[in-house]
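Working notes, structure below.
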Amino acid sequence: MSIAVRHVTKTFGKFVALDDVSVSIPSGGLTALLGPSGGGKSTLLRVIAGLETADSGQVEIDGVDATDHPARRRNVGFVFQHYAAFKHLSVRRNVSFGLEIRKRPKPEIAQRVDELLALVHLEQFADRLPAQLSGGQRQRMALARALAVEPAVLLLDEPFGALDAKVRKELREWLRRLHDEVHVTTIFVTHDQEEALEIADEIVVVNNGRVEQVGTPDQLYDEPATDFVMRFLGPVTQLGDELVRPHDLELHAADPGGGASGQVERVTRVGFEVRIELSVGEQRVQVTMTRTQAQALEVRTADRWWVRPAPGAPTVRVDGRPPETLVPAGS
Amino acid sequence: MAERAVAGRRSRVRHLLRGIAIVYVGLLVVWPVAMVARHTFADGFDAMGRALSDPLVTRSLWLTAQVAFGAVVINTIFGVGISLLLVRYEFPGRRALSALIDLPLSVSPVVVGLALILVYGADGWFGPVLGATGFEVIFAMPGMVMATAFVALPLVIREVVPVLYEIGDEQEQAARSLGANAVQVFRRITLPAIRWAVVYGVVLSLARSLGEFGAVKVVSGNVVGSTQTATLVVEQRYQDFEQDIAYATSFLLALAAIVCLVVVSLIRPKEGATR
Amino acid sequence: MTAPGITVPANRLTTGSRLGLGIATLWFSLLVLLPLVAVVVETSRGGWPAFWQTFTDEQTFAAIRLTLLEALLVTAVNVVIGTLIAWVLVRDDFPGKRVLEVVIDVPFALPTIVAGLVLLSLYGPQSPIGVDVANTRIAVFLAFLFVTLPFVVRTVQPVLAELDTESEQAAASLGASGPVIFRRIVLPSLLPAIVAGAAMSFARAVSEYGSLVLLSGNLPMRTEVTSVRMLSYIENGNLSAAAAVASVLLVAALLVIVALEVLQRKVARRG
């Protein structure tokens with residue numbers, strides 16, 4: 001079940017949440033909407049779900065124009081950051097809710113609920129109330145509830161945002177495995193780039209109501225389209241008017257061409273990594289390398305070195321122009 | 001577009017509900033109250049003038065004010081005290097006391113009057129004792145103040161208790177650790193924090209106390225000129241076919257009540273805003 | 001009246017507060033407890049025969065039956081209309097909503113005798129719209145409706161305001177329509193508040209006196225309510241009969257309070 005969003009704009013009063021956003025999400029994949037808070041990703045998700053209506057534009061679900069359909073007609077499963085559990089219903093009744101209002105026969109409901117509870121490993125909590133579950137368990141229940149009605153798409157709005165770090169990591173991996181088992185088109189919103197990079201098949205980077213880039217984690221990391229994407233997905237440092245990854249910078253004793261000269265201000269060792277801070281003209285440039293490399297070069301404070309990006313390393317112009325490498329590959 | 005149809009359906013329901021609420025409240029409260037104003041001022045300020053120049057009426061208004069004032073003062077002092085005890089301390093019977101505090105709201109005013117007579121009346125439990133000391137409770141001011149205090153008792157407490165729970169006692173603990181004694185802590189830390197809750201409670205108590213009828217009727221003996229409050233005047237004058245005076249006095253009482261409500265509404269920050 | 005589910009570290013009593021508690025308890029006993037106990041004691045003065053006689057008295061029986069019946073009817077109406085009004089106050093917005101808020105509280109603050117006069121002026125003999133229910137059963141119903149208006153509204157309103165709309169959105173995403181969402185998701189959360197409001201509304205109606213004096217005519221066997229009957233017992237010096245009726249009402253009020261306490265604790269557990 002693929003999703004197509006075309007030229008969607010959404011404003012709240014004067015605030016433009018989505019500005020002419022178009023994106024196409026393939027069927028069966030696990031897609032992340034990644035971006036900073038307030039950037040529009042949750043709004044986009046809710047527009048897809050039908051919980052918000054766009055001011056203009058279309059939303060197509062599996063080829064059908066669903067723009068005018070309210071949430072309950074879109075057959076989407078939605079999971080909220082704060083679980084939105086039905087507090088007065090047991091876990092079992094929460095999960096069966098969607099099936100009950102569709103008036104499915106009782107035995108069918110019971111069987112499906114048991115299947116789902118087994119899938120999310122909440123069988124022994126079936127008759128408890130949500131208040132008696134932990135945050136992680138509640139979120140698993142919410143997922144089971146959303147999956148019960150066999151939605152075309154599963155939408156998750158910062159599903160692990162309310163959980164602590166360890167649980168977040170566990171559930172993140174668990175979601176990936178679940179997706180591999182169930183194969184429902186899944187879109188989840190997150191501001192955590194590590195989370196997106198780790199489990200998503202494809203990432204849509206959303207910032208200031210616009211789509212910055214769409215691609216696989218590798219593509220986004222290795223071929224960032226804009227300086228925002230580069231900054232957001234990993235560490236960056238600025239050399240001249242280009243952004244480059246600190247671990248992509250090389251130090252040379254003599255001018256290798258295409259580099260700049262600088263003085264080492266600080267050398268910090270963090271575990272197996274060594275971080276070297278150089279002043280290049282007015283700029284502070286960060287270079288990271290392994291301990292072994294640093295020892296081999298004998299980097300010390302106050303030394304002068306030439307620094308340049310490794311051949312073929314991705315760089316982005318600070319003003320956001322398309323990527324170009326400072327030094328052509330192969331030199 | 002179907003989208004607009006869905007939104008239209010939703011807003012039609014909303015308008016319907018809004019309409020029902022407004023019409024219901026309008027027919028039940030607004031229009032009738034407006035009618036009282038209309039009756040009062042049917043002949044301009046004549047009715048009001050006649051009421052206010054009747055010494056018995058003005059006496060009753062003054063009496064009502066005195067009784068209400070006494071009741072409110074008592075209820076405020078004890079109300080704040082009991083609130084603090086209920087929230088900040090633990091003692092056997094605390095839950096029971098807390099539940100019993102609400103009792104006066106569910107008791108018929110006639111029962112209140114009866115109960116007070118049975119204890120403080122001439123034939124009551126304390127009758128002989130009071131008779132010996134010459135201190136009259138029933139058919140006198142003290143009884144009326146007690147009856148009024150009874151019915152309005154929970155009002156200050158119900159406003160203050162939730163606020164005390166909400167603010168917690170950390171600030172008070174901090175003050176104590178800095179050397180403040182109980183009185184200082186109360187005056188400098190607790191009281192400012194519950195200030196507005198106390199005000200709301202006082203204003204609501206005042207409205208309730210000004211309006212008490214049944215309990216005071218039983219306890220006061222309704223003696224014209226000495227123990228007849230404004231509410232009792234309304235009853236008597238209406239039954240004596242002096243309707244204009246009854247309406248005028250009613251109008252004054254209603255005005256006082258509405259002013260109290262408006263004051264509370266204005267100084268209270270907006271709570272429970274629409275989503 | 002407890003704060004639901006909030007636990008605040010409570011201290012043990014110091015000498016100062018012990019004194020304060022003593023004074024407060026003394027005053028509360030003198031003002032409320034002792035007098036109410038006296039009512040119950042007075043009831044037993046004539047023994048069971050006198051007690052029974054009071055309730056089998058035709059007029060008294062009629063008064064109690066009328067009061068209970070009308071109070072139940074009014075409570076049923078309040079449950080529906082009170083929830084509706086609370087919904088409008090919380091979920092809707094329009095110019096003049098603030099006015100509606102204040103008006104809701106008017107029956108609470110208005111002297112009951114004035115309430116009677118107020119209703120009389122629109123629904124009595126001089127009614128401009130020709131509706132005259134004075135001295136009829138409908139007057140009793142109307143008076144009860146007036147004085148109990150705020151109760152369900154004010155208990156439901158804060159709960160509704162605190163309600164997490166995400167559950168409603170979740171239900172919508174699962175395919176539920178507006179009415180279904182209200183019935184299955186919103187209403188269960190409001191039920192404790194509605195019940196509390198209904199209990200208070202019932203207790204208030206049963207105790208009502210002032211508004212009926214002018215409006216219902218207090219006709220024995222027809223429009224006389226319990227409070228009026230009690231008053232005539234008092235005025236005739238038959239305090240034990242009055243006390244008998246009062247005791248029954250007091251027990252009912254106590255039951256209501258206990259039930260509310262239990263309900264509140266049950267809800268607090270649900271979280």
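Tell me whether segment C:91-102 contains one or more residues that are of a type in the set (A, V, I, L, M), facing another protein chain (nearest Cβ under 8 Å) and closer than 16 Å to residue B:261 by Cβ.
yes
From the list C:79, C:37, C:74, which one is within 11 Å of chain B (Cβ to nearest Cβ) and of a type in the set (Val, Ile, Thr)?
The conditions single out C:37.
Take the residues in segment B:73-95 that are outside any helix (DSSP H, G or I) and at the interface with chain C (Cβ under 7 Å from one of its Cβ atoms), then tell me which one is surrounded by the fewest Cβ atoms within 10 Å (Cβ to Cβ).
So the residue we want is B:90.
Exactly one of (1) crowded, with 20+ Cβ neighbours inside 10 Å; (2) among the hydrophobic types (A, V, I, L, M, F, W, C); (3) without any contact (Cβ under 8 Å) to a residue 24 or more places away in the chain; (4) within 10 Å of chain B (Cβ to nearest Cβ) is unmet by residue C:129. Its number?
Going through (1) crowded, with 20+ Cβ neighbours inside 10 Å; (2) among the hydrophobic types (A, V, I, L, M, F, W, C); (3) without any contact (Cβ under 8 Å) to a residue 24 or more places away in the chain; (4) within 10 Å of chain B (Cβ to nearest Cβ) one by one, residue C:129 breaks only (1).
Any residue at all in segment C:196-214 that's more than 18 Å from the chain's Cα centre (by Cα), closer than 26 Å to residue C:134 by Cα and not acidic (Asp, Glu)?
Checking segment C:196-214: at least one residue is more than 18 Å from the chain's Cα centre (by Cα), closer than 26 Å to residue C:134 by Cα and not acidic (Asp, Glu).
Please count how many residues of segment C:198-214 are among the aromatic types (Phe, Trp, Tyr) and not in a helix (DSSP H, G or I).
Final tally of qualifying residues: 1.
In segment C:13-62, how many are surrounded by 13 or more Cβ atoms within 10 Å (Cβ to Cβ), under 30 Å from residue B:76 (Cβ atoms) and in contact with a helix residue (DSSP H, G or I) (Cβ under 7 Å, 6 or more places away or on another chain)?
Result for segment C:13-62: 14.
Check off (1) in contact with a helix residue (DSSP H, G or I) (Cβ under 9 Å, 6 or more places away or on another chain); (2) within 14 Å of chain A (Cβ to nearest Cβ) for residue C:228 and give me the number that stays unchecked.
With respect to (1) in contact with a helix residue (DSSP H, G or I) (Cβ under 9 Å, 6 or more places away or on another chain); (2) within 14 Å of chain A (Cβ to nearest Cβ), residue C:228 is out only on (2).
Please go through (1) more than 10 Å from chain C (Cβ to nearest Cβ); (2) of a type in the set (A, V, I, L, M); (3) under 27 Å from residue B:48 (Cα atoms) for residue B:257 and return the number of the only condition it doesn't satisfy.
(1)
Does residue B:53 satisfy the criteria of being surrounded by fewer than 22 Cβ atoms within 10 Å (Cβ to Cβ) and hydroxyl-bearing (Ser, Thr, Tyr)?
yes
Would you mind stating whether residue B:177 is over 30 Å from residue C:20 (Cα atoms) and in the same structural domain as residue B:155 (by TED's automatic domain parsing)?
So residue B:177 does not fit the description; no.
Please count how many residues of segment B:189-228 are touching a helix residue (DSSP H, G or I) at 6+ places or on another chain (Cβ under 7 Å) and among the basic types (Lys, Arg).
2
Condition (residue is assigned to a loop (DSSP other than H, G, I, E, B), closer than 22 Å to residue B:211 by Cβ and among the β-branched types (Val, Ile, Thr)) applied to segment C:223-233: is it met by at least one residue?
yes
If I ask for residues that are touching a Ser or Thr at 6+ places or on another chain (Cβ under 8 Å) and either in a helix (DSSP H, G or I) or under 13 Å from residue A:83 (Cβ atoms) (or both), which ones from segment A:121-138 would you list?
A:129
Tell me whether segment C:41-50 contains one or more residues that are under 26 Å from residue B:165 (Cα atoms) and of a type in the set (S, T, N, Q).
Looking for residues that are under 26 Å from residue B:165 (Cα atoms) and of a type in the set (S, T, N, Q), one finds none in segment C:41-50, hence no.
Of all the strands (runs of 3 or more DSSP E) wholly in segment A:250-326, which have at least 2 residues that are touching a strand residue (DSSP E or B) at 6+ places or on another chain (Cβ under 7 Å) and of a type outside the set (Val, Ile, Thr)?
Result: A:260-270, A:273-280, A:283-290, A:304-309.
Tell me, which helices (runs of 4 or more DSSP H) wholly within segment A:1-120 include 2 or more residues that are within 14 Å of chain C (Cβ to nearest Cβ) and within 17 Å of residue A:157 (Cβ to Cβ)?
A:41-49
From (1) crowded, with 23+ Cβ neighbours inside 10 Å; (2) within 13 Å of chain A (Cβ to nearest Cβ); (3) touching a Ser or Thr at 6+ places or on another chain (Cβ under 8 Å); (4) not charged (D, E, K, R), pick out the condition that doesn't hold for residue C:205.
(2)
Determine whether residue A:18 is at negative phi, in contact with a Gly (Cβ under 6 Å, 6 or more places away or on another chain) and buried (at least 23 other Cβ atoms within 10 Å of the Cβ).
In short, yes.
Looking at segment C:240-271, which of its residues are within 14 Å of chain A (Cβ to nearest Cβ) and among the β-branched types (Val, Ile, Thr)?
Correct list: C:267 only.
How many residues does segment A:23-73 contain that are surrounded by 15 or more Cβ atoms within 10 Å (Cβ to Cβ) and polar (S, T, N, Q)?
6
Quick check on this structure: which one of C:217, C:237 is at positive phi, in contact (Cβ under 8 Å) with a residue 24 or more places away in the chain and either within 14 Å of chain A (Cβ to nearest Cβ) or not in a helix (DSSP H, G or I) (or both)?
When all the criteria are applied, what remains is C:217.
Got a sec? Which helices (runs of 4 or more DSSP H) wholly within segment C:1-117 have at least 1 residues that are small (Gly, Ala, Ser) and farther than 26 Å from residue C:149 by Cβ?
C:15-28, C:34-43, C:47-56, C:58-91
Being surrounded by 15 or more Cβ atoms within 10 Å (Cβ to Cβ) and either free of Cβ contacts under 8 Å to residues at least 40 places away in the same chain or facing chain B (nearest Cβ under 7 Å) (or both) narrows it down to one of C:109, C:139, C:134, C:115, so name that one.
C:109
Please give the number of the condition residue C:180 fails out of (1) at the interface with chain B (Cβ under 9 Å from one of its Cβ atoms); (2) within 30 Å of residue A:103 (Cα to Cα).
Every listed condition holds for residue C:180 apart from (1).
Scanning for something farther than 29 Å from residue A:62 by Cα, surrounded by 15 or more Cβ atoms within 10 Å (Cβ to Cβ) and among the hydrophobic types (A, V, I, L, M, F, W, C), does segment A:163-176 turn up at least one residue?
Looking through segment A:163-176, at least one residue is farther than 29 Å from residue A:62 by Cα, surrounded by 15 or more Cβ atoms within 10 Å (Cβ to Cβ) and among the hydrophobic types (A, V, I, L, M, F, W, C).
How many residues are within 30 Å of residue C:144 (Cβ to Cβ) and more than 7 Å from every other protein chain (Cβ to nearest Cβ) when one looks only at segment B:106-120?
Here the count works out to 3.
The values are calculated or read from the model by the stated rules, or taken from the named source; none is laboratory data. Since the model is a prediction, treat every value here as computed from it, not as a measurement. Neighbour counts are summed over all protein chains in view; Cβ atoms, including those assigned to glycine, are modelled from backbone coordinates with ideal geometry.
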